[in-house]
Amino acid sequence: MIDLTDEQIVELATQDDPEAFGEIIRRWDRKIFGLCFGMLGREDDARDATQEAFIAAYRNLKNFRGEAKVSSWLHRIAVNQCLTIKRRQKSRAEDFIDDENGEEERTFVASPLLSPSLTTEQAERLRLVRQAVGALPTDLRQVIVMKEFEEMTFQEISETLELPLSTVKSRLYTALKQLKMRLERTPVEVV
Amino acid sequence: MDCGSGESIVAYIYDEATPSERRNFEAHLLECAECTDEFAELSNARFSVFEWQKEAFAEIPTPEIVIPYEKTRSGSESGFWEAVKAYLGGFAVPALAAAILLAAGIGFIAIVLTRGDQQLAANTVEPVVNVPQIAVQPSITEVPQVANRPEVASEQRTNSVEREEKNKEIETSPRPSRVATQAKAIKSPTPKPVVARSENRNTQETPRKKPVLSDFEESDDKSLRLTDLFDDIGAGGR
């Protein structure tokens, strides 16, 4: 099964051996988890989103069309799951902070698994980065997370999101510019 | 190179520029301070995200994904059954069992009714009346002989009287009803055991002779007849 492509494994799981889908999970669980973490900013939310994404993918195996890559198909499902969780959390009226422009932002809870060797300054900077990424619009956040957490190429992001290659590059450029503005606006305060 | 090309900066930052594009960009940075400043700012923003990913996420273990294959196997089934099961929910099995029982019950009732109709049709024939088997033909055993002898004549005279009496009995006896006749016909489709004349004559066991009028000639009849009496009276009165 190691020699099979993702598409061959999906076909095998659809027809003869549903548990062959486990190989798909083994190949893509880390990257999908990274994508969900980058989208949601919280480890527990990312775990839930990753689990739901793979379950949804398994249930919709028969709907997988061979013209798209399995990775693109999984990414699309994972992004949808992340957006669903974000909408669910937003409807629960969790903590929001307003930025200077009046936009509502989610506070990203610092991960308890941060390395203890990090200084307070470093931890605070990471918190700000996490917050700045969370404040990005969804379409910009997607491309940043896919590039940084999943290490996808422009071409892969283009296929996953079904966008032209130039649009992907343009969105990355815009996302980095906004991150720069937010990080420059909020200096790191060390208590 | 155009200073306003942000795509070139991004491609260079993420190391996805072609060799020729990279050379051109590097050459442009040497000539354009504005693009160099912008490149530096975007690189720092990108590095912050990279650092966040490395510090906050890299050490987090990958969660174990559990797929309930038995419960979610319906996703691989035909859409129709999946929709049926989704509609019935947890009552899919009981509903299916109830449908099977209902179909079996309807089939059983149909069979019972069909057989009942057949039996009713078979029983529409009226009960057979126990009518004794009455031979239509008189059971006169002896066939009147044609011999011209006085002792035969007297014997024939006796036979004629007996024949008349027998005929009277037949007339007064209850006739078999049409229904009974039909019942007998239905009940016993086999022909009645009427012995044929030829067989009767040839049998040695019971030489039952029956009168056969077609074989009886008037000229051979030597018995006393009423017309003969009237003739005698007429002749004597003169």
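Details
- Entries in A:Lys86/A:Lys169; A:Lys62/A:Lys90; A:Lys86/A:Lys147; A:Lys86/A:Lys180; A:Lys90/A:Lys177 that, when Cα-Cα distance is taken, lie over 28 Å: A:Lys62/A:Lys90
- Per residue of A:120-128, other chain Cβ atoms within 10 Å of the residue Cβ number 2 on average.
- Estimated from the Cβ-Cβ distance and a Förster radius of 51 angstrom, the FRET efficiency linking B:Val93 and B:Lys54 is about 0.50.
- Shown is the FRET efficiency for A:Ala68 and B:Ala121, computed with R0 = 56 Å from the Cβ-Cβ distance and rounded to the nearest 0.05: 0.20.
- The calculated FRET efficiency for the pair A:Arg27 and A:Asn80, based on their C-beta separation and a Förster distance of 22 Å, comes to about 0.65.
- Average partner coverage of A:163-172, which counts Cβ from other chains inside 10 Å: 3
- Label-point gap, in nm, between B:Ser20 and B:Ala33 - each point 7 angstrom along Cα→Cβ: 3.2 nm
- Label separation (B:Ser43 vs A:Thr153): 2.4 nm, computed from points 7 Å beyond Cα along the C-beta direction.
- Shielding score for B:8-14, defined as the mean number of other chain Cβ atoms within 10 Å: 5
- Gyration tensor verdict on the stretch B:1-44 (Cα atoms; rounded if a/c is under 1.5, prolate if a/b is larger than b/c, oblate otherwise): oblate
- When the P(r) is computed for the stretch A:1-100, the part past 15 Å accounts for 62% of the Cα-Cα pairs.
A short reminder: the numbers here are calculations on the coordinates, not readings from a lab. Treat the numbers as computed from the prediction; the structure is a model and nothing was measured. A quick note on method: Cβ atoms are made from the backbone with ideal geometry, for glycine too, and the neighbour counts reach across all protein chains shown.
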